[in-house]
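**Q** Just passing along the structure, written as structure tokens.
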Amino acid sequence: MSAESAAPVEQRLAPLLNYLFLFLMLLVIAAILTAAMTLQYGYGELPCPLCLLQRVALFGVCFGIMQQFRHGFSYRNSGLSMLFAIFLLIVSVRQTLLDIYPRPGHEYIGSAVFGLHMPVWSILIALALLIAFAVKFSILGGGEKLAAVRAQAFPLLDRLATVLCVYVIALCMVNFVSVVLQCGLGECHTFGYALLPK
């Protein structure tokens, strides 16, 4: 039995809640990215360059979370996720302001989901992520209390997180190939895949 698994229950509760919280965040982001790619492949809605940047930001948030499962809690990895959430907020606010008044050639890209387009959703997602991190730190704190127990001390959660991390990495690879096909080596566009026959 490892020292981590032998730690008193009260010392393991905060780390367990931390990893459970991170797992749920990762699960929600994976669902959002899956929905975006479903709209892309299922309904032919090609993402615009700013939409692609928003996906990069979401993958960046995921990377910071995955690092916590691999190496344990650290403010550095939390900070990395929060920086990508701020990047998501900046890009989505810019796109929303560019398209806030629909005019020829400047309408929102893609379909509305529950009445909102992706850039507006991205603002809400970025704010939700930042608020979630703030709430987590307010309730669970950080530092040695969370770093003392790694995710491997919770075998079921660790296995589920590993599967989810592999899924997110697969999504990232599919997205990367998709961007190469859409953009080629030139400027990104939303009219078709540059490397596929027309």
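The values are calculated or read from the model by the stated rules, or taken from the named source; none is laboratory data. None of these values were measured; they are calculated from a predicted model. Glycine also receives a Cβ, built like all others from the backbone with ideal geometry; neighbour counts cover every protein chain displayed.
Residue by residue, here is whether (1) assigned to a helix (DSSP H, G or I); (2) surrounded by 13 or more Cβ atoms within 10 Å (Cβ to Cβ); (3) aliphatic (A, V, I, L, M) holds:
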site: L127; (1), (2), (3): yes, yes, yes
site: L130; (1), (2), (3): yes, yes, yes
site: V135; (1), (2), (3): yes, no, yes
site: I139; (1), (2), (3): yes, no, yes
site: V149; (1), (2), (3): no, yes, yes
site: L157; (1), (2), (3): yes, yes, yes
site: A161; (1), (2), (3): yes, yes, yes
site: C165; (1), (2), (3): yes, yes, no
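**Q** Which residue pairs have Cβ atoms closer than 8 Å, lie 6 or more positions apart in sequence or on different chains, and pair a first residue in region 35-57 that is closer than 13 Å to S111 by Cα with a second residue that is among the charged types (D, E, K, R) and part of a helix (DSSP H, G or I)?
**A** A36/R55; P47/R55
**Q** Further question on the same structure: Within the set of pairs 6+ apart or on separate chains, which have a first residue in region 111-122 that is farther than 17 Å from T38 by Cα, a second that is of a type outside the set (A, V, I, L, M, F, W, C), and C-beta atoms under 7 Å apart?
**A** Going by the 7 Å Cβ cut-off, the qualifying pairs are V120/T96.
**Q** Additional query: For region 48-106, name all the residues that are of a type in the set (G, A, S) and either at pLDDT 85 or above or in a helix (DSSP H, G or I) (or both). Full working, then the answer.
**A** Initial filter on region 48-106 (of a type in the set (G, A, S)): 57, 60, 64, 72, 74, 78-79, 81, 85, 92, 105.
Selection gives A57, G60, G64, S78, G79, S81, A85, S92.
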